[in-house]
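The values are calculated or read from the model by the stated rules, or taken from the named source; none is laboratory data. Just so you know, these numbers come straight off a predicted model, no measurement behind them. Neighbour counts run over all protein chains shown; Cβ positions are idealised from the backbone, glycine included.
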Amino acid sequence: MKQALAIVGALVGCNQVYGLEAVLLVDAPGPDAAPSCAGTLAYRQELQQVILQACEHYTSAADIDRALASCNRGARRYIAEGPIDGVLQEVAVEVTAAGAALLTRLAPEGDRAIIHHLGTSGTDKFSVYRREPAGWMRAYALPAVVDYDDSIGTPSRRPNARVLHARPNAGLVDEYVEEPADTWRWLRSYTTTELGTISLYTQFNLTPDGLHVVYQGFLFDGTLAIYHGQRASLDEPFGRGVAIAGIPRTVHDAFMTHDCGRIYFSGLSSVFYARQVGQ
Amino acid sequence: MWLFLLACSCNEVHGLATTQLVDGRGIDAPARCSMDTPVFAPNVRESVFRPCTDYTFAGGMAIAACGITITTSRIAEGPIDGPLADVAIMPSVPDAVLSEPRLTPDDDLLVTQRTSSTKRVSVYRRANGWVWDRDLPFTFATLEYAGVPSRGPQRHLMITRSSMVEEFLDDGNNNWSLARTQPASVFGVENFGSPMHLSADGLRAVFSAGSSVQYAARPSVDVPFAGSSPLEVPLARDMFLSEDCSRLYFSGLERIFYVQR
């Protein structure tokens, strides 16, 4: 009995040991429900810092447990890769005439990536790279002719992969489909009104199934938020996005996992994720 | 032995693997201010889960400006690293918006009162809320800032004005005089991009310039700062160094964070 009392007393004392009055907002993992992509998404306010490296544009491929990001060391930008939520190491990337300032979008399968050559225009701006033994090698350019401010999002899974190309100066977002393999054709365009935002200076990142998209949006009243768009099937267009609760409005590069359980983003010279409420 | 083993199991009980960003009080490094540039751990820790800026603290209490925009922002107060609640405070200038609060080591409050045409910095004192006491006798343009002053009675205050900083000295009776003016180049930067907050003893200063956060130290308040060093911390415009130099607070991602030495 005395031993049991000592155990209970010591456990109660855990809060004192750790000064847990400072962490009241963080609870322990428990019998939580599985994440869901349905309805209005909400995420927990406490953030998890993924890596202690100056990186951004973090995307991941759960199929092979790899993540890819654009990182900085001083004024030098490089591409780094590693296990999801693990340390990233610089990887070799074929440099093209389009330049070496690169932003990355890893495909769900992890065997290829779309790379955005920052600060350029023209057909070389968005290229598909393949993972090769020597590093990431450029395979071909996406067919779109792009403007300086355009951006490309994370593609969905093959076959018939989709990708969204934001064209802020044209006020449009173009959706492309890959069919057959390595051949991308324009499928449809979205206007700002259709997406419910007046600003397209962001990337539209798809989930692996292509049914969900996250992006930073501006409403007509000036409200800034991170938005979630969804559709029931790939045959349908996305409708207006809905603001996601709990994600800071000012984050960059929002990327949602396949089950919508986490949203990764850049900020404070680092990469964070927020977990869905209930996770 | 039982107690030791159970204490070790606290991580399991509380699932602390998921709380790595937030630590509790008590096991932190001791106070260790020095002339050397402090080195902070790269992981950031959340302090306040609200969209706040200009977080400063003294005597166990913290104050910040909280809100999405400057016009909807409110001055809020609470325990250090705890939740902040809006405080009762009124502008002394009609239609002024209150911003950039600085809780001083003497537990009074500097607040910027901004209208469409004027900007002044006022001193408020605690009295059933915060009550206007006086205005500081300085003029400010839009991008000019008063930092956190050092502890009284002879308080030092830095006012950053783009490419120069003015250091003022209070004789203890609210009579401020200009101690010195220094160009930004003395600190090794082109321009100041933020207020320059002084430590309570007036020997250390933190500010941002360009794309870096800078730290300056001096052996005595009788001598000017000479140079500064970059800190390897996220870029912010409202860095505040704790009095024991163990933590650097700043705003970002609609929260208040800190990094720890």
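Values for this structure:
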| quantity | calculated |
| --- | --- |
| Residue within region B:107-119 that is acidic (D, E), surrounded by fewer than 17 Cβ atoms within 10 Å (Cβ to Cβ) and either touching a residue at least 12 places away in the same chain (Cβ under 8 Å) or within 14 Å of chain A (Cβ to nearest Cβ) (or both) present | yes |
| Whichever residue in region B:236-259 is in contact with an Asp or Glu (Cβ under 7 Å, 6 or more places away or on another chain) and either surrounded by 23 or more Cβ atoms within 10 Å (Cβ to Cβ) or not in a loop (DSSP other than H, G, I, E, B) (or both) and, among such residues, is farthest from the other protein chains (Cβ to nearest Cβ) | B:D238 |
| Residue in region A:69-88 that is assigned to a strand (DSSP E or B), aromatic (F, W, Y) and over 30 Å from B:S211 (Cβ atoms) present | no |
| Yes/no for A:L187 being assigned to a loop (DSSP other than H, G, I, E, B), away from every other protein chain (no Cβ under 14 Å) and over 13 Å from the mean Cα position of the chain (by Cα) | no |
| In region B:45-69, residue farthest from the other protein chains (Cβ to nearest Cβ) [restricted to those that are among the aliphatic types (A, V, I, L, M) and under 19 Å from A:Y43 (Cα atoms)] | B:V48 |
| Looking only at region A:35-90, and only at residues there that are over 15 Å from A:V271 (Cα atoms) and among the hydroxyl-bearing types (S, T, Y), the one that is surrounded by the fewest Cβ atoms within 10 Å (Cβ to Cβ) | A:T40 |
| Residue within region A:102-109 that is within 25 Å of the chain's Cα centre (by Cα), modelled with pLDDT of 90 or more, of a type in the set (D, E, K, R) and on the phi < 0 side of the Ramachandran plot present | yes |
| Selection from region A:236-245 of residues that are small (G, A, S) and either without any contact (Cβ under 8 Å) to a residue 12 or more places away in the chain or outside any loop (DSSP other than H, G, I, E, B) (or both) | A:A243, A:A245 |
| Filter result (within 14 Å of chain B (Cβ to nearest Cβ) and either hydrophobic (A, V, I, L, M, F, W, C) or touching a Pro at 6+ places or on another chain (Cβ under 6 Å) (or both)) within region A:193-245 | A:F218, A:L219, A:L224, A:A225, A:I226, A:A243, A:I244, A:A245 |
| Test: B:T56 is at pLDDT 90 or above, outside any helix (DSSP H, G or I) and either touching a Leu at 6+ places or on another chain (Cβ under 6 Å) or of a type in the set (S, T, N, Q) (or both) | yes |
| Residues being over 24 Å from B:L235 (Cβ atoms) and within 14 Å of another protein chain (Cβ to nearest Cβ) - total across region A:43-78 | 2 |
| Residue in region A:246-267 that is touching a Pro at 6+ places or on another chain (Cβ under 6 Å), within 14 Å of chain B (Cβ to nearest Cβ) and not in a strand (DSSP E or B) present | yes |
| Inter-residue pairs, beta-carbon under 6 Å, first within 20 Å of B:A216 (Cβ to Cβ) and in region B:167-194, second among the polar types (S, T, N, Q) and part of a strand (DSSP E or B), 6+ apart | B:L169/B:S177; B:F192/B:T160; B:G193/B:S208; B:S194/B:S208 |
| Hey, B:R204 touching a Cys at 6+ places or on another chain (Cβ under 7 Å), closer than 25 Å to B:S99 by Cα and of a type outside the set (S, T, Y) or not | yes |
| Among the residues listed as A:A38, A:A113, A:A22, the single one being at pLDDT below 90 and under 23 Å from A:I226 (Cβ atoms) | A:A38 |
| Some residue of region B:77-90 being part of a strand (DSSP E or B), under 17 Å from the mean Cα position of the chain (by Cα) and away from chain A (no Cβ under 12 Å) | yes |
| Some residue of region A:211-227 being closer than 19 Å to A:A113 by Cβ and surrounded by fewer than 17 Cβ atoms within 10 Å (Cβ to Cβ) | no |
| Residue that is assigned to a helix (DSSP H, G or I) and among the polar types (S, T, N, Q), where the choices are A:T154, A:T202, A:T193 | A:T193 |
| Region B:200-221 residues that are outside any strand (DSSP E or B), paired with ones that are buried (at least 24 other Cβ atoms within 10 Å of the Cβ) and of a type in the set (G, A, S) (beta carbon under 9 Å, 6 or more apart) | B:A200/B:S150; B:D201/B:S150; B:G202/B:S150; B:L203/B:S150; B:R218/B:A205; B:V221/B:S150 |
| Hits in region B:221-235 - residues which are surrounded by fewer than 20 Cβ atoms within 10 Å (Cβ to Cβ) and within 13 Å of chain A (Cβ to nearest Cβ) | B:P230, B:E232, B:L235 |
